[in-house]
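Here is the structure we will look at.
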Amino acid sequence: MFLDRDGVINVDFGYVGTWDRFIFVPGAVEAIKVLNDLGYRVIVVTNQSGIARGYFNKAAFATITARMLSTMGEQGARVDAVYGCPHLLTSGGPACNCRKPAPGMILAGIADYEVSAVDSVLVGDKSSDIEAAKAAGIGRSVLVAPHSQSCEALQAAADQVVPTLAAFAASETTRFSWGDHPPKATSQV
Ligand SMILES: [Mg+2]
Ligand SMILES: [Zn+2]
């Protein structure tokens with residue numbers, strides 16, 4: 001299970017570089033716990049161009065990540081890994097392979113945790129998330145669209161559209177309770 005961060009786990013205020021601006025989306029931590037209990041490994045893949053733009057630095061990102069993980073842990077939710085892209089595309093400069101829609105962070109997670117891409121799921125809130133999932137060969141892409149007026153083409157590109165991560169986790173619980181086999185923790189993200 002690959003999760004985008006801003007707009008999925010925490011409220012996307014734009015360039016969240018300090019803990020006081022990191023506000024969990026209601027139900028997101030509980031949703032991750034549900035996904036843990038269903039057997040999913042959870043890997044966060046997040047574009048953080050605020051680093052390249054000089055709004056905050058890698059140390060600040062690491063601090064937020066540590067506090068995010070410890071706060072989740074206190075509530076019984078587990079994220080296995082966090083991949084962040086600190087880069088920004090500059091005109092004329094070379095593109096990194098990790099800034100979504102490039103698939104680099106997802107491919108790194110697939111390699112590092114030896115998971116099957118086609119059996120994996122990605123949940124994100126932007127077209128770049130859905131495009132990155134497809135480029136990495138992820139089997140199922142889920143769009144978080146809290147406002148139903150979000151772009152029709154984007155909704156069509158995703159395999160599933162949900163208002164929140166919590167709604168997605170609830171739908172997974174229902175799916176498995178109706179007889180699908182839960183994922184094996186060792187092989188599926
Ligand atoms: Mg996002
Ligand atoms: Zn990058």
Proximal aspartates and glutamates to Lys134, defined as alpha-carbon separation beneath 13 angstrom and excluding residues fewer than eight positions away on the same chain: Asp119, Asp159
Segment Phe13-Glu152, length gained on full extension (0.36 nm per residue, minus Cα span): 47.7 nm
Most mobile of Asn97, Asn36, Asn47 in a GNM of the chain (Cα contacts under 10 Å): Asn97
DSSP-defined beta bridges in the chain - what % are antiparallel, rounded to 5: 5 percent
Where labels lie 7 Å past Cα in the beta-carbon direction, separation of Ala81 and Tyr55 in nm: 2.6 nm
Extension gain, Arg140 back to Ala95 (0.36 nm per residue minus Cα-Cα distance, nm): 13.6 nm
Burial ordering of Val79, Val162, Val118, fewest other beta-carbon atoms within 10 Å first: Val118, Val162, Val79
Sites Ser177 and Ile23 - FRET efficiency at Förster radius 30 Å, r taken between beta-carbons, to 0.05: 0.45
Order of Leu165, Leu69 under a 10 Å beta carbon neighbour criterion, fewest first: Leu69, Leu165
Cβ-based exposure ranking for Glu30, Glu172, in which fewest neighbours within 10 Å come first: Glu30, Glu172
The chain - Cys residues lacking any other Cys C-beta under 4.7 Å: Cys96, Cys151
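FYI, it's all coordinate maths here, none of it is from the lab. For clarity, every value in this text was computed on a predicted model and none was experimentally measured. Cβ sites come from the backbone with ideal geometry, for glycine too, and all protein chains shown count toward neighbours.
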